[in-house]
Structures are given as structure tokens and as C-alpha cells.
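Report on the structure given below.
Derivation of every value follows stated rules applied to the coordinates shown; laboratory data play no part. Given the structure is predicted, the values throughout are model-derived calculations rather than measurements. Here the Cβ is made from the backbone with ideal geometry for all residues, glycine too, and neighbour counts use every protein chain on show.
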Amino acid sequence: MHAHSHDHSGQPHQQEQVLGGRATGILGLAVLATLVLVLIELAAGYAARSMALLSDAVHNLTDVPTLVISWLAMRWALRPPTQEKTYGYHRAGILAAFVNATVLMMAALFLVGASLARLRRPIEVHASLMLWVSLLALVINGGITLSVHRGRQDLNVRTVWIHNLGDALSNIGILAGALLIRLRGAHWIDALLGIAIGGMVLWSAQSVLRESGHILLEGLPRAMRLEAVVSAVLRVEGVQEVHDVHIWTLGGDLHALSCHVRIPDMHMEESEKILSNIREVLRGEFHITHTTIQFERAGLPSKALYMPAPAGRSAK
């Protein structure tokens, strides 16, 4: 006896559409605000001869494609599945996060190199202009960070959140550096800030790059243990064996699972009860809402890719 089940709950998808619609509006405004900030910092950095402001302008400039790609990805993720894209466009956000993190790391290396050159040959900077522009940048980046804070569980939104949180922290550093330069005349601090900003970008980007790459390679969700999922399914009454288990992330918090489950020979009506219980366990304990489960009759030879010892029973 074979039974094939496919479950994709509609309620999480509707909630995702509502949250996604809000996020796209916020990201659209963030793009405009960041573009204005980049232009101001580039002009002020040139006028003040500040490496920190120029570096921060380049840093914010990398956020523009980040925000644009993220905005497009959020809109694509709201599109329904098609005959060619049967899972929809959820992976668009993950791909955007991967590209964004790669761009950030390259920009960070450039910032560190340019700042090291300036550190060897420091020049006088206009501390007052540096101070006021960094304060304006802090208001803009801080506002964007707070506006996307609630949606940071989504990897793509978290990329934007990390970027702008880093921007806001760098603005605080530039503000403090401008005060020190103004009071002590230590112009080398400007180049040191450029190095610190670049290092911070490298640190934040590598975690997003690693996580998005893990998802694109169909890796197990980080907060999930394969043994725990299989053990939970084995606790469902009537389940004798679980094998050929695959768990992956489609996008955001949308997790999917496929597996083979061995059960005793029974009527379809009874097997549907077991199927419903398995779905409930996966949804309630692990937030797995997209499941494909194939039943196999007890006694058939196992071709297990993964078969843990059943809890409380000996493996067959």
C-alpha cells in the first residue's frame, strides 16, 4: 500500500503575504532615504576630506542594490506558484541575500585597503561637517533599522536589518571620532574609523553569506535536528519506521519535508488518521508546514537513506 500526501497550509501563506506587503513598502522608502544619504555623504566626505564619511558613503551605496534586490525579492516571493516555478518565488529572497552578502564583502575589502593607505598618510579633515553629516546618517539608518526590526526572522529582511544596524553603529563611531578630532586634532582617527567600518561589514556579511549558502544547498534548517524530527514522527501511533527523510527551507521561515513512513497494512481511512497526526506533530513542534509523505506497507524491504533507532523500540 502506498499513499502520497502533500500539505501546504494556506493560513501561513496568507500571513506571509500581509507581512510581505508591509515589508515591500518599508523597503521602497528605505531605498529613497539611502540614496539621498549616499549623495549627502559623498558630497560632504569630499568637502571635508573625510575617509570615514567617504567609506560610509560607499558602505551605504552597497545598501542601495541590497535594498533594491531585497525589495524585488519580497515582491517576487508574494507571487503564486506557476507550472514552471512550482514552489513559487520564495527562494528569490535567499538568492538576494547571498548576492548582497557577496557584494558587501568585496566593498568591505576595498574600504579596509583605502583606509590603511590613509592611515599611513593622514590628512586634515573638516570635523564639524563630519559631525553633522554623521548625525543625519544616524537618524536615517536608525529609522530604517527600527522599521524592519520586526521582520528580521526572514533571512532577506535580516540582511537589510544587519546592514542598516551596522550603518547606524558606524555613524555613532564617526560621530564620536568627529568630536575627538575637533577637540584633540587627531586626524588619524578618521582613517582608523574607515578600517573599523570595513571590518564590521566583513563580520556581518560572512554570517549572512554562510546561512544563505546553506539554504541554497538544501541544508537542514539551523535550529532543527534531524534526529528530533524523526523521533517525533516515530512517536505517532502506527508509525513503525521512517526513512529517506529530507528537510529544507523554501524561503524565510517556510520549511519543507519529504519522507517515507512504514505503517501496518490497513484501510485508507485509518492511514489518513496517521497522516493527519504526523502533519500535526511536524507543524506544532517544528513549524514544518509543507510536507510530502509516502506510506509503505510493513514487511517491504527498506531502502533507508536515514533510519534512526526508534525511541523505546528496537530498529527493524
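For the peptides 202-210, 254-262, what is the packing order when you average, over each peptide's residues, the other Cβ atoms within 10 Å and list the highest mean first?
254-262, 202-210
In nm, give the distance between the simple-model label positions of A47 and L146, each being 7 Å from the Cα along the Cα-to-Cβ direction.
Here the modelled spin labels are 2.7 nm apart.
In nm, to one decimal, how far is the L226 label point from the R182 one, both placed 7 Å along Cα→Cβ?
5.8
Counting only other residues whose beta carbon sits under 13 Å from that of S50, what net charge do I get with K and R as +1, D and E as -1?
-1
What FRET efficiency would be calculated for the residue pair T292, V139, taking the C-beta separation as r and a Förster radius of 41 Å, to the nearest 0.05?
With R0 = 41 Å, the Cβ-Cβ based efficiency is 0.25.
Ranked by Cβ crowding within 10 angstrom, fewest neighbours first, how are F110, F98 ordered?
F110, F98
Sort S55, S276 by Cβ crowding within 10 Å, fewest neighbours at the top.
Exposure proxy ranking, most exposed first: S276, S55.
From a point 7 Å beyond the Cα of I123 in the direction of its Cβ, which residues of segment 165-201 have a backbone N at a distance under 19 Å?
178, 181-182, 185-195
Near W188, within a Cβ-to-Cβ distance under 12 Å, what is the net charge of the other residues, with Lys and Arg +1 and Asp and Glu -1?
With Lys, Arg at +1 and Asp, Glu at -1, the neighbours total +2.
Could you tally the net charge around R210, taking each other residue with its Cβ under 14 Å from the Cβ of R210, Lys/Arg +1 and Asp/Glu -1?
Within the 14 Å Cβ shell, the charges total +1.
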